[in-house]
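The values are calculated or read from the model by the stated rules, or taken from the named source; none is laboratory data. Here the structure is a predicted model, which is why all the values come from computation and not from measurement. Note: ideal-geometry Cβ built from the backbone for every residue, glycine included; neighbour counts use all protein chains shown. Heads up: the accessible areas ignore ligands, DNA and RNA and are worked out on the full protein's heavy atoms, side chains in. Shrake-Rupley method; radii C 1.70, N 1.55, O 1.52, S 1.80 Å.
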Amino acid sequence: SSQYQTITVDRATAPRVALITLNRPEALNALNAELISELVDAATTLDLDPDVGAIVLTGSDKAFAAGADIKQMQDMGYPQTYTDNLFAEADRLANLRTPLIAAVAGYALGGGCELAMLCDILIAADTAVFGQPEIKLGVIPGIGGSQRLARAVGKAVAMDLILTGRTMKADEAKQTGLASRVVPADQLLPTALEVAQTIGGYSKPATWMAKEAVNRAFETSLTEGIRFERRVFQAGFATADQSEGMAAFAEKRPPNFTHS
Ligand code: HXC
């Protein structure tokens, strides 16, 4: 929508789906402070919208995002990065309750790869190229890459990528577990929107609970995580959608979820 300079927001692509497109083509969607700020604003607004069940985040055919904006960071010193808390705002995307799907074509490098990993599901076009090349610039990942990449693909591959700065293509991203699906480039957006529409059609409280429970796996022990899951599972029985979903099964008809 017109209130943003560096992204667009489209609510008309599919029912209960919002599409956010990064839109700084002149810099391959490099992430500057304005883009992060607009993205967080748009996503947090959509998160509160009862008619949005899933959000797709995408870039262009050439680049999801080619990293943090190197030209904007070039002349910064530590006091400024510290007091500005450079890129800390991006963490707010990880705290959204609505499922977020990254649809990645082309370059997803540095902060671009980190932004994709902040999403809940990563779908890659066969043109996608992932990497954390910060080491080549004399720095390290700074929007969660060292932590999320290690959790997504394991220590060996994360160390390989982060220490050498090499890139990996879509097939390796799929094979290592960074991407859940790889599709031909012209199928990227249709696939991501279909996945989002599927999720958006389910009970909103149930999808929120499911996301919260999976995320808990990365924050706690197995015993505590299972205990958390059990409580949230049981809480699901307080929703109208649980009654409806199970009644619909018993009556051999499609459920009519009210997202309550
Ligand atoms: C600023 C960028 C940019 C970036 C590309 N551009 N990436 N500007 N920051 N990260 C700009 C280029 O300067 C150029 O502008 C225009 O986008 C097109 O890019 P080209 O390089 O001409 O395109 P191409 O030759 O196709 O090469 C694509 C590329 C390359 C391989 C992706 O652009 C590249 O290596 N970019 C940097 C990738 C990177 O190092 N990312 C990590 C950043 S550090 P002009 O004006 O010349 O046309 C990071 C840290 C995260 O992300 C944590 C921070 C806290």
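Counting only protein heavy atoms, what percent of the accessible surface of the chain is carbon or sulfur at a 1.4 Å probe?
On the way: 7500 of 13500 Å².
So the carbon and sulfur contribution to the accessible surface is 56 percent.
In a shell of Cβ-Cβ distance under 14 Å around residue 189, excluding residue 189 itself, what net charge do Lys and Arg (+1) and Asp and Glu (-1) give? Don't skip to the answer; put the middle values down first.
Details: positive: 181; negative: 10, 61, 126, 186, 194.
Around residue 189, the charge tally is -4.
Rounded to two decimal places and with Rh computed the Kirkwood way over Cα pairs, what is Rg over Rh for the stretch 47-196?
That ratio equals 0.97.
For the stretch 87-171, what is the largest minus smallest coordinate of the Cα atoms on each principal axis, given in angstrom and ordered from greatest to least?
Principal-axis extents of the stretch 87-171 (Cα, largest first): 34, 30, 21 Å.
Compute the angle between helix 155-164 and the longest alpha-carbon principal axis of the chain, please, reported from 0 to 90 degrees and rounded to the nearest 10.
30
Taking the stretch 180-260 as the region of interest, what is the percent of Cα-Cα pairs per 5 angstrom bin, listed from the shortest bin to the one with the maximum distance?
3, 14, 17, 17, 16, 16, 12, 5, 1
Using the charge dipole of the chain (Lys, Arg: +1 at Cβ; Asp, Glu: -1 at Cβ; taken about the Cα centre), state which of 152, 135, 124 has its Cα farthest towards the positive end.
In the chain, that residue is 152.
Compute the accessible area per residue over the stretch 180-233, keeping the other protein chains in place, probe 1.4 Å, unit Å².
Details: 3430 Å² over 54 residues.
Heavy-atom accessible area per residue stands at 64 Å².
Just subtract the alpha-carbon distance of residue 92 and residue 126 from 0.36 nm times their residue separation and send over the number in nm, one decimal.
Full extension from residue 92 to residue 126 adds 9.3 nm.
Past the 19 angstrom mark, what percentage of all C-alpha to C-alpha distances in the stretch 111-242 do you count?
Numbers: 5049 of 8646 pairs.
That tail contains 58 percent of the Cα-Cα pairs.
Compute the long axis of helix 222-235 from its Cα atoms, compare it with the longest principal axis of the Cα atoms of the chain, and write down the angle in degrees, 0 to 90, nearest 10.
Computed tilt is about 50 degrees.
Return the ratio Rg/(2.2 N^0.38 Å) for the stretch 1-113, where Rg is computed over Cα atoms only. All intermediate terms of the calculation are to be shown ahead of the outcome.
Values: Rg = 14.2 Å, N = 113, 2.2 N^0.38 = 13.3 Å.
In units of the globular-protein estimate, the stretch 1-113 measures up at 1.07.
I need to check one value: relative contact order of the chain, counting alpha carbon pairs closer than 8 Å and at least 6 residues apart, in percent. Write out the running numbers ahead of the final one.
Working: 482 pairs, mean separation 42.8, N = 260.
Once normalised by length, the contact order is 16 percent.
What Kirkwood hydrodynamic radius, in Å, does the stretch 128-175 give when the mean of 1/r is taken over all pairs of distinct Cα atoms and then inverted?
That comes to 10.7 Å for the stretch 128-175.
Report, to the nearest 10°, how far helix 240-250 tilts away from the longest principal axis of the Cα atoms in the chain, using its own Cα long axis and a range of 0 to 90°.
60
Which pairs break 23 Å Cα to Cα here: 62/136; 211/252; 136/174; 62/174; 174/211?
Working: 62/136 21 Å; 211/252 27 Å; 136/174 25 Å; 62/174 19 Å; 174/211 21 Å.
Result: 211/252; 136/174 exceed 23 Å.
Computed FRET efficiency, Cβ-Cβ of residue 247 and residue 172, R0 45 Å: what is it to the nearest 0.05? Display every interim value, and only then the final one.
Details: r = 45 Å, r/R0 = 1.00.
Efficiency computed from Cβ-Cβ geometry: 0.50.
Using only the Cα atoms of the stretch 136-207, construct the convex hull and provide its projected area averaged over every direction, in square nanometres to one decimal. Provide the component values of the computation, followed by the final result.
Values: hull surface 26.2 nm².
Answer in nm², one decimal: 6.6.
Could you give the radius of gyration (one decimal) and Dmax (whole number) of the Cα atoms in the chain, in Å?
Reported Rg and Dmax, both Å: 18.9, 65.
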